[in-house]
1. Using 0.36 nm per residue, how much length does the chain from LEU177 to ASP57 gain when fully extended, once their Cα-Cα distance is taken away?
2. Please give the contour-minus-distance gain from LEU29 to HIS104: 0.36 nm per residue of separation, less the Cα-Cα distance, rounded to one decimal in nm.
3. Whole-Å semi-axes of region 1-87's equivalent ellipsoid, largest first, each the root of 5 times a Cα gyration tensor eigenvalue?
4. Work out the FRET efficiency for THR20 and GLN160 from their Cβ-Cβ distance, taking R0 = 35 Å, and round it to the nearest 0.05.
5. Once you keep just the Cα pairs under 8 angstrom separated by 6 or more residues, what percentage relative contact order results for region 3-183?
6. Based solely on its DSSP helices, what 222 nm [θ] is calculated for the chain when runs of n ≥ 4 H residues each add -39,500 (n - 2.57) and the sum is averaged over all residues, nearest 500 deg cm²/dmol?
7. Under the rule a/c < 1.5 gives rounded, and otherwise a/b versus b/c splits prolate from oblate, where does region 53-154 land using the Cα gyration tensor?
8. What order, most packed first, do the peptides 78-88, 50-60 have when packing is the mean number of other Cβ atoms within 10 Å of each residue?
Amino acid sequence: MSLHRSNFFVISGGPGCGKTALLEELSRLGYRFAPEDARRIIQEQVQSGGTALPWADRKAYTRLMLQRSIESFLQHSASTERMFFDRGIPDTLGYARLIALPDHSLIQDACSSYRYAARVFLLPPWKEIYTTDAERKQDFAEAERTFEVVKQVYLDCGYQVVEVPKNAPAERARFVLHQLDRQT
């Protein structure tokens, strides 16, 4: 089974690069978006005393990220309007590569089965806005590594990567929408 949704656009990149601010701006302009699953998983696991966390059971955390990403894709699959995703299923493959999980086959199968629009928007690491918090514990060097791995994963999965310039959220939103309008 393979599902391709050419109206699903991924906004991705390393941690702390402004994805949420960009998505909130797109939402303010009337576009729907699916929030990031990784942060919600961390919050739920901490609240429930679970161990499926990036600093505890990374394998269980990866499985949950894959499951939730697929569920999010399927939950919105009937939508015909332009929709944005805070990270996509290939981000789970990027995480698995970052932590050197030995078997990626299930994740790779999901990346092949659930396809977003060909153009993926990546936000580069941006030291001036980077912060850590209770869920984001990576240092800036790890954010840079994450960006490079995620970029390569999307390329390996056959997506066209468009790097979003470091600008205010409104300018970034205009850039993304301009890129999409050029494509149609």
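1. Values: separation 120, 0.36 × 120 = 43.20 nm, distance 3.83 nm.
Between LEU177 and ASP57, full extension yields 39.4 nm more.
2. Details: separation 75, 0.36 × 75 = 27.00 nm, distance 3.71 nm.
Stretched out fully, the LEU29 to HIS104 stretch lengthens by 23.3 nm.
3. Values: eigenvalues 123, 55, 22 Å².
Computed over region 1-87, the values are 25, 17, 10 Å.
4. Details: r = 23 Å, r/R0 = 0.66.
It comes out at approximately 0.90.
5. Values: 270 pairs, mean separation 65.5, N = 181.
Here the relative contact order equals 36 percent.
6. Working: 7 runs with 91 residues, N = 184.
Rounded to the nearest 500, the figure is -15500 deg cm²/dmol.
7. On the way: a/c = 1.70, a/b = 1.26, b/c = 1.35.
Oblate, because a/c is 1.5 or more while a/b does not exceed b/c.
8. Numbers: 78-88: 17.8, 50-60: 15.1.
Put in order of decreasing packing, that is 78-88, 50-60.
Here, each number is a calculation from the coordinates, and none is a lab measurement. No experiment lies behind these values; they were computed from the predicted model shown. When we count neighbours, we look across all protein chains shown, and the Cβ atoms used for this are built from the backbone with ideal geometry, even at glycine.
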